[in-house]
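Worksheet: one structure, shown below.
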Amino acid sequence: MGTSRGNGGSNANRAGETPVGTGHPETVTDETTVTEEGTELERSIGLAGGLSIGVGTMIGAGIFVFPGLAAGRAGPAAAGSFTIGAVIALLVALPASELATAMPKSGGGYYFISRALGALPGAVVGISIWLGLVFATAFYLVGFGNYAAEMLQQAGLGTSIGGIGVITPLALVFGVLLTALNLVGTENAAKLQNYVVGLLLSILVAFLGYGGLDAIGVFGTQTTPEAFAPFGVAPVFTTAALVFTSYLGFAQVATVAGDIKKPGRNLPLAMVGSVLAVGVLYVATIFVATSAMGSAALRDAGETAIVSVADQFLGTAGVVAILLAGLLATVSSANASILSTSRAVFAVSKDALIPAFASRMNLRYGTPHVALAMAGGPVLVLVALGETEVLAEVASFLHLVMYGLMCVALVAMRRNEPEWYDPDFRVPAYPLVAGLGALASFGLIFFMQLASQVIGVVIMIAAAGWYKYYASDVTLKGVL
Amino acid sequence: MSDLSIREPPTVLVPVEVLEGESISDSLAAFLAPANVVVLGYHVLPEQTPTEQASLQFEDRARAAVSDLAAVFRAADGADVETRVAFTHDREQTVERVATEVGATAVLLPNPVGAVSDVVVPFRGAIDADRLADLVATLLADGEGTVTLWGIESDGFDAAATVERARSSLRERGLDAARITTETTAAESPIRDIVVRSADFDVIVMGEGDDSLWSALFGGENERVADGAVAPVLVVRDRETE
């Protein structure tokens with residue numbers, strides 16, 4: 001199965017494994033990918049499914065975790081932070097769309113970067129995106145724990161047992177549960193996800209619509225007059241770096257590119273569409289929340305600030321609805337991220353950058369149990385640590401590196417187009433879009449806390465070290 | 001078979017979940033072999049598993065299993081058999097897509113069966129009489145088996161006329177009148193009646209049925225018959241409307 005034999009570059013890793021399936025042209029149609037041997041791989045996710053993956057992954061954090069944190073840092077100008085995040089996400093989503101339509105395969109960003117820039121950057125991105133998704137999943141689960149604890153409190157059960165908070169235990173239990181469900185194969189999980197996202201969007205649109213009308217004075221409630229950017233302009237950018245975690249979802253659509261029907265049309269629509277949809281909702285949420293309560297009160301309410309906002313507007317009924325929505329949203333984000341993690345692990349394992357063992361699956365449940373365990377296991381460790389802000393920022397850091405490199409990958413591809421490079425979607429004014437996307441992605445990293453930056457850099461260096469140790473003979477540049 | 005006047009040689013799609021150990025008995029293969037057979041070996045994966053990942057590990061096994069099946073058909077008839085292998089998250093979608101691509105007259109829903117000779121065709125609504133006649137006449141041509149055309153009455157459906165039209169279509173193909181039985185009955189719960197009566201026959205041939213909400217929730221009529229009956233079901237597909 002190797003693509004070259006003997007003579008210098010063996011293309012094999014330390015265990016003697018070579019990238020699988022490279023050098024074998026596959027035929028991509030609207031409905032299938034056909035392997036060299038003629039086996040058909042059905043594409044079963046439509047546009048709605050793609051949007052639901054993107055929106056479902058993203059929406060958990062931006063509305064149900066961040067409003068309190070963000071408003072506490074930047075005041076009402078946090079709306080500006082979310083807008084900056086949306087613009088950066090769009091600048092990256094466009095190049096990602098082009099690359100995904102040219103290479104509609106599992107693996108997403110890792111795949112594009114390893115093919116355009118080579119195995120070393122590929123390995124760094126592939127391994128750090130695995131861990132980046134692990135951090136993101138842990139972050140969503142802690143958010144879930146907060147909502148579940150709040151729900152218990154509303155039910156009058158209290159939020160601590162014997163003096164110990166229930167947030168982390170709840171997050172851990174759910175982390176185990178989600179991993180186990182995915183291991184034994186959840187039928188119709190994607191369809192369920194579609195309904196969950198639909199229900200969520202309905203609750204949010206109703207809530208934000210009511211809150212928005214209220215904020216502009218339709219219902220006669222007095223709004224809180226407050227300076228737009230009480231802490232100055234700099235916090236708007238540092239907050240943008242923090243809340244960028246709430247845009248880490250559009251690229252997940254590309255990790256399932258191999259399963260998307262009509263990839264040439266649906267991949268760009270799903271990626272760009274989901275960024276626009278959640279961007280609008282985030283900005284509206286911040287507007288409504290800061291109008292209703294003021295940013296100081298939001299900050300004090302912390303991760304579940306949006307619940308206090310709902311209480312303000314609609315009393316207990318609003319609280320219950322938003323808590324329910326928050327539970328659904330954080331679960332769907334966490335679940336979608338676990339699945340993306342397993343795909344990320346598969347992609348690097350297939351290319352022999354980590355042992356092939358990691359992409360084994362069991363026939364009984366039909367699930368990739370090793371990769372899922374490599375997703376769920378480390379998540380639990382991070383959840384136990386429970387540092388929400390650091391979790392979010394490290395996740396953002398690692399994703400931003402990938403996003404920046406995707407933009408670089410686009411430029412590399414375009415400047416020297418391989419024969420097979422034939423994307424259905426081409427970014428207009430690509431040097432400008434990709435250049436800005438890369439600048440913004442790398443730029444945001446500098447606004448993060450030192451701790452997050454250090455952890456991120458350490459992970460990347462470790463990934464590069466692993467590549468040098470384990471797979472330095474593997475070449476991936478330009479091979480499909 | 002040469003003494004029959006078949007208008008359009010029928011193609012039967014045989015989907016088999018090969019990695020789950022599903023198979024087709026020699027007798028059923030022999031019965032179907034006079035038609036153009038397309039064997040579709042498929043494997044359904046949970047949504048969290050990329051089809052690519054499954055194919056890397058199981059493609060060779062699936063292809064080998066499908067080749068073995070094709071050999072069974074080839075041994076029965078000598079004619080070549082087309083094979084397809086697919087990994088999917090959605091069985092319906094894959095079967096429908098391949099059926100359309102190969103222009104299948106009918107799709108098999110397998111059930112274990114012994115010797116195959118007698119066919120029952122329950123009519124509950126409109127069915128493409130030409131396709132049905134081509135299929136049944138082709139399959140029965142070489143043997144001694146019989147076909148029972150069974151109209152099941154319901155509001156707005158002229159069962160007797162439909163059965164008669166099917167009978168004359170079969171006669172036009174040259175199938176011996178002695179091998180065709182017709183009857184028409186009323187039924188309280190048609191699906192259950194079909195399941196019960198299927199015990200007296202070896203193969204059930206049905207139309208596609210309607211796409212009602214009920215079938216979306218509980219599976220189509222054909223699936224429910226196939227689940228309940230002991231006999232395999234051949235579902236005659238409606239012609240594609242452009």
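The values are calculated or read from the model by the stated rules, or taken from the named source; none is laboratory data. Nothing here was measured: the structure is a model prediction, and the numbers come from that model. FYI the Cβ positions are ideal-geometry reconstructions off the backbone, even for glycines, and counts take in every protein chain you see.
So how many residues does the stretch A:110-139 have that are of a type in the set (Gly, Ala, Ser), under 15 Å from the mean Cα position of the chain (by Cα) and under 23 Å from A:TYR469 (Cα atoms)?
So in the stretch A:110-139, the residues of a type in the set (Gly, Ala, Ser) come out as A:114, A:116, A:118-119, A:122-123, A:126, A:128, A:132, A:136, A:138.
So of that shortlist, the ones also under 15 Å from the mean Cα position of the chain (by Cα) come out as A:126, A:128, A:132, A:136, A:138.
Imposing the further condition that a residue be under 23 Å from A:TYR469 (Cα atoms) reduces the set to A:126, A:128, A:132.
Number satisfying all stated conditions: 3.
Which of the residues spanning the stretch A:352-383 are among the small types (Gly, Ala, Ser), within 11 Å of chain B (Cβ to nearest Cβ) and in contact (Cβ under 8 Å) with a residue 40 or more places away in the chain?
Result: A:ALA356, A:GLY366, A:ALA375.
Going by what's in this entry, would A:ALA325 be described as at pLDDT below 85, part of a helix (DSSP H, G or I), closer than 16 Å to A:LEU208 by Cβ and of a type outside the set (Ser, Thr, Tyr)?
Numbers: at pLDDT below 85: no; part of a helix (DSSP H, G or I): yes; closer than 16 Å to A:LEU208 by Cβ: yes; of a type outside the set (Ser, Thr, Tyr): yes.
When the stated conditions are applied, A:ALA325 does not pass them.
Confirm whether A:LEU410 is surrounded by 18 or more Cβ atoms within 10 Å (Cβ to Cβ) and farther than 30 Å from A:ARG14 by Cβ. Quick ask: steps written out before the conclusion?
On the way: surrounded by 18 or more Cβ atoms within 10 Å (Cβ to Cβ): yes; farther than 30 Å from A:ARG14 by Cβ: yes.
Taking the combined requirement at face value, the residue satisfies it.
For residues in the stretch B:62-95 being under 30 Å from A:ASN335 (Cβ atoms) and more than 9 Å from every other protein chain (Cβ to nearest Cβ), which is surrounded by the most Cβ atoms within 10 Å (Cβ to Cβ)? Even if it seems obvious, please write down each step before you answer.
Here is the first cut: in the stretch B:62-95, the residues under 30 Å from A:ASN335 (Cβ atoms) are B:62, B:86-95.
Now narrow it down to the ones that are more than 9 Å from every other protein chain (Cβ to nearest Cβ): B:91-92, B:95.
Numbers: B:ARG91: 15, B:GLU92: 12, B:VAL95: 21.
My answer is B:VAL95.
Considering B:GLU144, B:GLU153, which residue is assigned by TED's automatic domain parsing to the domain that holds B:SER189, among the acidic types (Asp, Glu), more than 20 Å from B:ALA226 (Cβ to Cβ) and touching a strand residue (DSSP E or B) at 6+ places or on another chain (Cβ under 7 Å)? I'd like the intermediate steps shown before the answer.
Working: B:GLU144 fails: touching a strand residue (DSSP E or B) at 6+ places or on another chain (Cβ under 7 Å).
Result of the check over B:GLU144, B:GLU153: B:GLU153.
Does B:GLU22 satisfy the condition of being closer than 21 Å to B:VAL233 by Cα and at pLDDT below 90?
Numbers: closer than 21 Å to B:VAL233 by Cα: yes; at pLDDT below 90: yes.
Spelling it out, B:GLU22 is indeed closer than 21 Å to B:VAL233 by Cα and at pLDDT below 90.
In the stretch B:199-232, how many residues are assigned to a helix (DSSP H, G or I) and modelled with pLDDT under 65?
Total meeting the criteria: 6.
Hey, does the stretch A:441-449 have a residue that's over 21 Å from the mean Cα position of the chain (by Cα), closer than 27 Å to A:VAL379 by Cβ and surrounded by fewer than 19 Cβ atoms within 10 Å (Cβ to Cβ)?
Initially, the stretch A:441-449 is screened for residues over 21 Å from the mean Cα position of the chain (by Cα), giving none.
Taking every residue of the stretch A:441-449 in turn, none turns out to be over 21 Å from the mean Cα position of the chain (by Cα), closer than 27 Å to A:VAL379 by Cβ and surrounded by fewer than 19 Cβ atoms within 10 Å (Cβ to Cβ).
Would you call B:GLY125 of a type outside the set (A, V, I, L, M, F, W, C), in the same structural domain as B:VAL203 (by TED's automatic domain parsing) and part of a strand (DSSP E or B)?
Details: of a type outside the set (A, V, I, L, M, F, W, C): yes; in the same structural domain as B:VAL203 (by TED's automatic domain parsing): yes; part of a strand (DSSP E or B): no.
Answer is no for this residue.
Taking the criterion of being touching a Gly at 6+ places or on another chain (Cβ under 7 Å) and under 19 Å from A:VAL125 (Cβ atoms), would at least one residue in the stretch A:366-385 satisfy it?
Taking the stretch A:366-385 as the starting set, the residues that turn out to be touching a Gly at 6+ places or on another chain (Cβ under 7 Å) are A:366-367, A:376, A:379-380, A:383.
Adding the requirement that they be under 19 Å from A:VAL125 (Cβ atoms) leaves none.
No.
When the stretch B:157-187 is examined, which residues are found to be farther than 19 Å from B:ARG131 by Cα, at pLDDT 90 or above and surrounded by 16 or more Cβ atoms within 10 Å (Cβ to Cβ)?
If the condition is that a residue be farther than 19 Å from B:ARG131 by Cα, at pLDDT 90 or above and surrounded by 16 or more Cβ atoms within 10 Å (Cβ to Cβ), then B:THR184 is the only one that fits.
Out of everything in the stretch A:178-194 that is aliphatic (A, V, I, L, M) and closer than 18 Å to A:GLY60 by Cβ, what residue ends up being modelled with the highest pLDDT? Spell out how you get there, then give the answer.
The initial filter retains those residues of the stretch A:178-194 that are aliphatic (A, V, I, L, M), namely A:178, A:180-181, A:183-184, A:189-190, A:192.
The next check asks that each one be closer than 18 Å to A:GLY60 by Cβ; those that pass are A:178, A:181, A:189-190, A:192.
Numbers: A:LEU178: 86, A:LEU181: 83, A:ALA189: 62, A:ALA190: 63, A:LEU192: 73.
Here the residue is A:LEU178.
Could you tell me whether the stretch A:64-78 includes any residue that is touching a residue at least 24 places away in the same chain (Cβ under 8 Å), under 20 Å from the mean Cα position of the chain (by Cα) and over 24 Å from A:VAL309 (Cβ atoms)? Talk me through it step by step, then tell me what you get.
Filtering the stretch A:64-78 down to residues touching a residue at least 24 places away in the same chain (Cβ under 8 Å) leaves A:64-78.
Checking the rest, the ones that are also under 20 Å from the mean Cα position of the chain (by Cα) come to A:64-67, A:69-70.
When the remaining residues are screened for being over 24 Å from A:VAL309 (Cβ atoms), the result is none.
No, the stretch A:64-78 has no match at all.
Of the conditions (1) farther than 23 Å from B:GLY103 by Cα; (2) buried (at least 24 other Cβ atoms within 10 Å of the Cβ); (3) in contact (Cβ under 8 Å) with a residue 60 or more places away in the chain; (4) not hydroxyl-bearing (Ser, Thr, Tyr), B:GLN48 fails just one. Which one is it?
Going through the list (1) farther than 23 Å from B:GLY103 by Cα; (2) buried (at least 24 other Cβ atoms within 10 Å of the Cβ); (3) in contact (Cβ under 8 Å) with a residue 60 or more places away in the chain; (4) not hydroxyl-bearing (Ser, Thr, Tyr), B:GLN48 breaks only (3).
State whether one or more residues within the stretch B:92-101 are among the polar types (S, T, N, Q) and touching a Lys or Arg at 6+ places or on another chain (Cβ under 8 Å). Walk me through it before giving the result.
Here is the first cut: in the stretch B:92-101, the residues among the polar types (S, T, N, Q) are B:93-94, B:100.
Imposing the further condition that a residue be touching a Lys or Arg at 6+ places or on another chain (Cβ under 8 Å) reduces the set to none.
No, that holds for no residue.
The rows are residues; the columns are (1) within 14 Å of chain B (Cβ to nearest Cβ); (2) in contact with a Lys or Arg (Cβ under 9 Å, 6 or more places away or on another chain); (3) surrounded by fewer than 24 Cβ atoms within 10 Å (Cβ to Cβ); (4) part of a loop (DSSP other than H, G, I, E, B).
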site: A:ASP30; (1), (2), (3), (4): yes, yes, yes, yes
site: A:PRO67; (1), (2), (3), (4): no, no, no, no
site: A:GLY72; (1), (2), (3), (4): no, yes, yes, no
site: A:GLY75; (1), (2), (3), (4): no, no, no, no
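Of the residues B:PRO122, B:PRO112, which is modelled with pLDDT under 95, surrounded by fewer than 17 Cβ atoms within 10 Å (Cβ to Cβ) and away from chain A (no Cβ under 14 Å)? Lay out the reasoning, then the answer.
Details: B:PRO122 fails: surrounded by fewer than 17 Cβ atoms within 10 Å (Cβ to Cβ).
Among B:PRO122, B:PRO112, only B:PRO112 is modelled with pLDDT under 95, surrounded by fewer than 17 Cβ atoms within 10 Å (Cβ to Cβ) and away from chain A (no Cβ under 14 Å).
Condition first: touching a residue at least 24 places away in the same chain (Cβ under 8 Å), of a type in the set (A, V, I, L, M, F, W, C) and within 14 Å of another protein chain (Cβ to nearest Cβ). Can you find one or more residues in the stretch A:393-415 that meet it? Please lay out each step first, then the result.
Filtering the stretch A:393-415 for residues touching a residue at least 24 places away in the same chain (Cβ under 8 Å) gives A:393-413.
Those still in the list that are of a type in the set (A, V, I, L, M, F, W, C) too: A:394-395, A:397-398, A:400-402, A:405-413.
Add one more test, that the residue is within 14 Å of another protein chain (Cβ to nearest Cβ), and what stays is none.
No, the stretch A:393-415 has no match at all.
Can you tell me which residue within the stretch A:285-295, out of those that are of a type in the set (A, V, I, L, M) and touching an Asp or Glu at 6+ places or on another chain (Cβ under 9 Å), is surrounded by the most Cβ atoms within 10 Å (Cβ to Cβ)? Explain how you work it out, then say what you get.
Step one: filter the stretch A:285-295 for residues of a type in the set (A, V, I, L, M), giving A:286, A:288-289, A:292-293.
Keeping just the survivors that are touching an Asp or Glu at 6+ places or on another chain (Cβ under 9 Å) gives A:288, A:292.
Numbers: A:VAL288: 25, A:ALA292: 22.
Going through the qualifying residues, I end up with A:VAL288.
Looking at the stretch B:138-162, which of the residues that are part of a helix (DSSP H, G or I) and within 19 Å of the chain's Cα centre (by Cα) is nearest to B:ALA33 (Cα to Cα)? Working first, answer last.
Initially, the stretch B:138-162 is screened for residues part of a helix (DSSP H, G or I), giving B:138-140, B:159-162.
Within this subset, residues satisfying the condition of being within 19 Å of the chain's Cα centre (by Cα) are B:138-140.
On the way: B:THR138: 10, B:LEU139: 8, B:LEU140: 11 Å.
Of everything passing the filter in the stretch B:138-162, B:LEU139 is nearest to B:ALA33 (Cα to Cα).
Go through the stretch A:258-313 and report how many residues are over 24 Å from the mean Cα position of the chain (by Cα) and within 14 Å of chain B (Cβ to nearest Cβ).
Matching residues across the stretch A:258-313 total 0.
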